[in-house]
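Right, one structure below, let's go through it.
The values are calculated or read from the model by the stated rules, or taken from the named source; none is laboratory data. Keep in mind that this is a model prediction, so the values were computed, not measured. Counting neighbours? That spans all protein chains shown, and the Cβs are built from the backbone with ideal geometry, glycine included. Side chains included, ligands, DNA and RNA excluded: accessible areas come from the protein's heavy atoms. Shrake-Rupley method; radii C 1.70, N 1.55, O 1.52, S 1.80 Å.
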Amino acid sequence: MTTQEQNLPVHIGIIMDGNGRWATNQGLPRSAGHKKGAENIGPILEHARARGIKVVTLYAFSSDNWKRPKAEVDTLMGLFRRYMNEDIKQLQEKHVRISFIGDRERFEPDMIKRMNEIERDTAAFDDFHVLLALSYGGREDLIAAIKKIAIDVLDRKYLISNIDEHKVHNALSTHAVPYPDLVIRTSGEQRISNFLLWEIAFAELYFTPIYWPDFNEHDLDDAIEAYGRRHRRFGNVTP
Ligand code: FPP
């Protein structure tokens, strides 16, 4: 086992950015970039699993992305619908657990139904877990968690003084998975954009200029290798 394999992230979050610029650079409509971006998900997930990663969270659509022009939102909805009805079956056949995080009530009823079915049908798979963040915002998720905790306190399940990190984690949509160890953002932007705010407090951040449709297995290896070279101290000092 190499050093880098000993120091492997368990959970990787990916901000899949740059579909639009990838397409524009090729003289194609932005929709072509999203389509190519969607096609890239399967191979990257497969490679992550082969590398021994246990959880991958993909930021596919933020709560702010609804503000995009209707035509682009419609294109993305078409891709999500197709992904949930077709492509996702390949993940299910490979026993991948799939969860959706974000405000699913904003989607059409048929998509909400599919999300619920996919989660139910894959709930027992425990080797590799993929979370798809759709209509997701870290602040919104924290607000939802605060409301749940407030209700628990009103229901006298526990005292305000007993609210701790564990209770907050449990109230978040990511409660079933450990916090991300590594967050990758493609396309050269160096910001978090409301992704998993609470959960990434100690995550290592990796920014690459490569646009998401071009991000391949070797690029994922590079990110995992870079992670392996980092020294995580969680506020402590190096022993
Ligand atoms: C960011 O690129 C990407 C998105 C807002 C959408 C992500 C969607 C996919 C990767 C494809 C569909 C996903 C699934 C789950 C089927 P951008 O459009 O902001 O690119 P830009 O910054 O270059 O304009």
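Listing for the model above:
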{"read-out": "In the range 98-148, residue most open to solvent (accessible area, probe 1.4 Å) [restricted to those that are within 23 Å of Pro9 (Cβ to Cβ) and in a loop (DSSP other than H, G, I, E, B)]", "value": "Asp126"}
{"read-out": "Residue match in the range 185-193 (condition: free of Cβ contacts under 8 Å to residues at least 40 places away in the same chain and either within 26 Å of Arg114 (Cα to Cα) or touching a Pro at 6+ places or on another chain (Cβ under 6 Å) (or both))", "value": "no"}
{"read-out": "Output for the range 8-22, where each listed residue is touching a residue at least 40 places away in the same chain (Cβ under 8 Å) and closer than 25 Å to Ala71 by Cβ", "value": "Ile15, Met16, Asp17, Gly18, Asn19, Arg21, Trp22"}
{"read-out": "Members of the range 201-220 that are of a type in the set (D, E, K, R) and in contact with a helix residue (DSSP H, G or I) (Cβ under 8 Å, 6 or more places away or on another chain)", "value": "Glu204, Asp214, Glu217"}
{"read-out": "Evaluation of Ile12 against (1) surrounded by fewer than 19 Cβ atoms within 10 Å (Cβ to Cβ); (2) touching a strand residue (DSSP E or B) at 6+ places or on another chain (Cβ under 7 Å); (3) under 19 Å from Thr208 (Cβ atoms) (one fails), failing number", "value": "(1)"}
{"read-out": "Count of the range 1-23 residues which are among the β-branched types (Val, Ile, Thr), modelled with pLDDT under 65 and out of contact with any helix residue (DSSP H, G or I) (no Cβ under 7 Å at 6 or more places or on another chain)", "value": "1"}
{"read-out": "Options Phe202, Phe215; residue that is aromatic (Phe, Trp, Tyr) and touching a strand residue (DSSP E or B) at 6+ places or on another chain (Cβ under 9 Å)", "value": "Phe215"}
{"read-out": "Answer residue from the range 149-189, given it is within 16 Å of the ligand (Cβ to nearest atom) and of a type in the set (Ser, Thr, Tyr) and is surrounded by the fewest Cβ atoms within 10 Å (Cβ to Cβ) among those", "value": "Ser187"}
{"read-out": "Members of the range 10-55 that are of a type in the set (S, T, N, Q) and within 18 Å of the chain's Cα centre (by Cα)", "value": "Asn19, Asn40"}
{"read-out": "Enumeration of residues in the range 161-197 that are assigned to a strand (DSSP E or B) and charged (D, E, K, R)", "value": "Arg185"}
{"read-out": "Yes/no for Ile53 being modelled with pLDDT of 95 or more, open to solvent by less than 30 Å² (accessible area, probe 1.4 Å), under 23 Å from Ala124 (Cβ atoms) and near the ligand (Cβ under 10 Å from one of its atoms)", "value": "no"}
{"read-out": "Selection within the range 198-239 - closer than 27 Å to Arg30 by Cβ and either within 14 Å of the ligand (Cβ to nearest atom) or assigned to a loop (DSSP other than H, G, I, E, B) (or both)", "value": "Phe207, Thr208, Pro209, Ile210, Tyr211, Trp212, Pro213, Asp214, Phe215, Asn216"}
{"read-out": "Any chance Asp74 is in a helix (DSSP H, G or I), over 20 Å from the mean Cα position of the chain (by Cα) and not small (Gly, Ala, Ser)", "value": "yes"}
{"read-out": "The one condition in (1) open to solvent by 80 Å² or more (accessible area, probe 1.4 Å); (2) touching a Leu at 6+ places or on another chain (Cβ under 7 Å) that Ile44 fails to fulfil", "value": "(1)"}
{"read-out": "Among the residues listed as Glu72, Glu93, Glu105, Glu117, the single one being of a type in the set (D, E, K, R) and within 15 Å of the ligand (Cβ to nearest atom)", "value": "Glu72"}
